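The values are calculated or read from the model by the stated rules, or taken from the named source; none is laboratory data. All figures in this text were calculated on a predicted structure; none of them were measured in a lab. With ideal geometry, Cβ positions are generated from the backbone for all residues, glycine too; neighbour counts draw on all protein chains shown. Side chains are part of the model used for accessible areas, which takes the heavy atoms of the whole protein and leaves out ligands, DNA and RNA. Shrake-Rupley method; radii C 1.70, N 1.55, O 1.52, S 1.80 Å.
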Amino acid sequence: QVQLAESGGGLVQAGGSLRLSCAVSLSTFFSAQSLGWYRRAPGNEREFVARISATGTTDYEDAVKGRFTISRDNAKRTLYLHMNSLKPEDTAVYYCNEWPTPYDDWGQGTQVTVSP
């Protein structure tokens, strides 16, 4: 069973930056998988943030375009999300998972809190 472990969140002031990491273990197809970042803000449903294909094609939710960058290191089986120019509305728990059809079991996520 694939295990997902997100890390790198924290408290940052508006305009700041963070880099999130997601270690994907027990996956024999990591390099062939499309993967994504998702987030859940308080009181909201989990939503798509960004995705990257096996060949490196990326796509972003409109609100983060130009500020967030998704990347992957297949040798380390790790997915990254570089977040710049953070806004208070980016406050959420961030998760990684397969895209477009996430695994049923999600990781614990990593909390990102952006203060005004």
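The value for segment 1-44 of Rg(Cα) / (2.2 N^0.38 Å) is 1.47. For Ala63 and Ala32, what is the calculated FRET efficiency with R₀ set at 35 Å and r taken between the beta-carbons, to the nearest 0.05? For R0 = 35 Å, the calculated efficiency reads 0.75. Rg and Dmax of segment 59-108, based on Cα coordinates, read 12.2, 34 Å.
Tell me, what is the 1.4 Å probe accessible area of Thr101, in Å² to the nearest 10? Here the accessible area works out near 100 Å². Ordered from highest to lowest accessible area with the whole protein assembly present and a 1.4 Å probe, Trp37, Trp99 read as Trp99, Trp37.
Our compactness index for segment 16-70, the C-alpha radius of gyration over the empirical 2.2 N^0.38 Å, is 1.25. Only Lys, Arg, Asp and Glu carry charge here, each on its Cβ (+1 for the first two, -1 for the last two); on that basis the chain has a dipole of about 340 debye about its Cα centre. In segment 1-101, the convex hull through the Cα atoms has an average projected area of 6.3 nm², a quarter of its surface area.
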